[in-house]
Amino acid sequence: RKEVEQDPGPFNVPEGATVAFNCTYSNSASQSFFWYRQDCRKEPKLLMSVYSSGNEDGRFTAQLNRASQYISLLIRDSKLSDSATYLCVVNPYSGNTPLVFGKGTRLSVIA
Amino acid sequence: DGGITQSPKYLFRKEGQNVTLSCEQNLNHDAMYWYRQDPGQGLRLIYYSQIVNDFQKGDIAEGYSVSREKKESFPLTVTSAQKNPTAFYLCASGRAGSTDTQYFGPGTRLTVL
């Protein structure tokens with residue numbers, strides 16, 4: 001089983017739609033979780049951390065389900081500028097050990 | 001400005017030549033990382049270093065070498081032993097001893113002709 005698994009997509013959605021991405025991770029001892037955004041031919045950038053209680057940043061909501069080893073990202077009112085690849089990222093251990101990256105889910109928001 | 005710099009942005013080399021990619025950070029981060037990304041693929045860890053003068057192999061270290069003589073710098077050498085060196089190389093840094101995230105440089109796109 002891969003450490004971090006994501007549906008590669010692509011997800012093609014119209015502007016204004018709500019879209020959700022899911023991610024599963026294999027290591028139940030994983031300590032911290034993140035969503036990164038990567039634009040075409042650019043470096044990944046941190047979108048948001050994922051907390052046990054869930055967290056929201058504007059149109060973006062991230063949730064963590066430790067029992068099911070599952071992370072989600074919800075984007076409301078999609079904008080054309082949201083088109084990118086979204087990477088699910090897990091730190092499987094404590095301390096600054098390397099993060100484990102999913103292969104990403106590609107989103108295209110269409111006018 | 002604080003951040004991570006990688007140079008050059010684009011690099012072309014002939015097959016059989018070694019090439020060194022630069023990565024510098026002024027974020028005072030202890031840990032630094034090198035990843036490789038191929039088209040349509042995820043990030044794969046090459047090497048990482050959590051402290052000066054120490055580094056560990058990642059998942060795909062064969063054909064690569066690194067050094068960490070200074071906290072700010074973590075250069076990656078792509079040797080002629082690397083079979084498929086053409087890729088997008090990303091450097092990242094982070095604070096050691098925490099569950100904090102990693103921050104990426106803009107990347108170097110290496111093409112071996």
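Side notes on the structure shown:
- Residue among A:Val89, A:Val13, A:Val50 with the largest mean-square fluctuation in a Gaussian network model of chain A, springs linking Cα atoms under 10 Å: A:Val13
- Its Kirkwood hydrodynamic radius, worked out from the mean inverse distance over all distinct Cα pairs, puts chain B at 14.0 Å.
- Nonpolar atom fraction for chain A, defined as the carbon and sulfur part of the 1.4 Å probe accessible area, stands at 48 percent.
- When accessible surface is computed with a 1.4 Å probe, chains A and B are found to bury approximately 1700 Å² between them, both chains counted.
- Semi-axis lengths, Å, the protein assembly as shown, gyration tensor of Cα atoms, sqrt of 5 times eigenvalues: 30, 21, 16
- Partners for B:Lys57 among lysines (Cα-Cα distance below 29 Å; same-chain residues under 8 apart left out): A:Lys2, A:Lys42, A:Lys45, A:Lys103, B:Lys9, B:Lys14, B:Lys70, B:Lys71, B:Lys83
- Neighbour cut-off at most 14 other Cβ (10 Å), DSSP loop, GluC sites (Glu not before Pro), the range B:7-113: B:Glu15, B:Glu62, B:Glu69
- Each Lys and Arg adds +1 at its Cβ and each Asp and Glu adds -1 at its Cβ; summed about the Cα centre, chain B shows a dipole of about 300 debye.
- Each Lys and Arg Cβ is given +1 and each Asp and Glu Cβ -1; about its Cα centre, the protein assembly as shown then shows a dipole of about 420 debye.
- For a 4.7 Å threshold on C-beta separation, the list of partnerless cysteines in chain A reads A:Cys40.
- Shape call, the range A:30-98: gyration tensor on alpha carbons, a/c limit 1.5: oblate
- Choice from A:Pro98, A:Pro14, A:Pro44 with maximal GNM fluctuation in chain A (Cα, 10 Å cutoff): A:Pro98
- Placing +1 on the Cβ of every Lys and Arg and -1 on the Cβ of every Asp and Glu, with no other charges, gives chain A a dipole of roughly 200 debye about its Cα centre.
The values are calculated or read from the model by the stated rules, or taken from the named source; none is laboratory data. Keep in mind it's a predicted model, so treat the numbers as computed, not measured. Note that each Cβ is placed from the backbone with ideal geometry, even for glycine, and that neighbours are counted across all protein chains shown. Note: areas computed on protein heavy atoms with side chains; ligands, DNA, RNA excluded. Shrake-Rupley method; radii C 1.70, N 1.55, O 1.52, S 1.80 Å.
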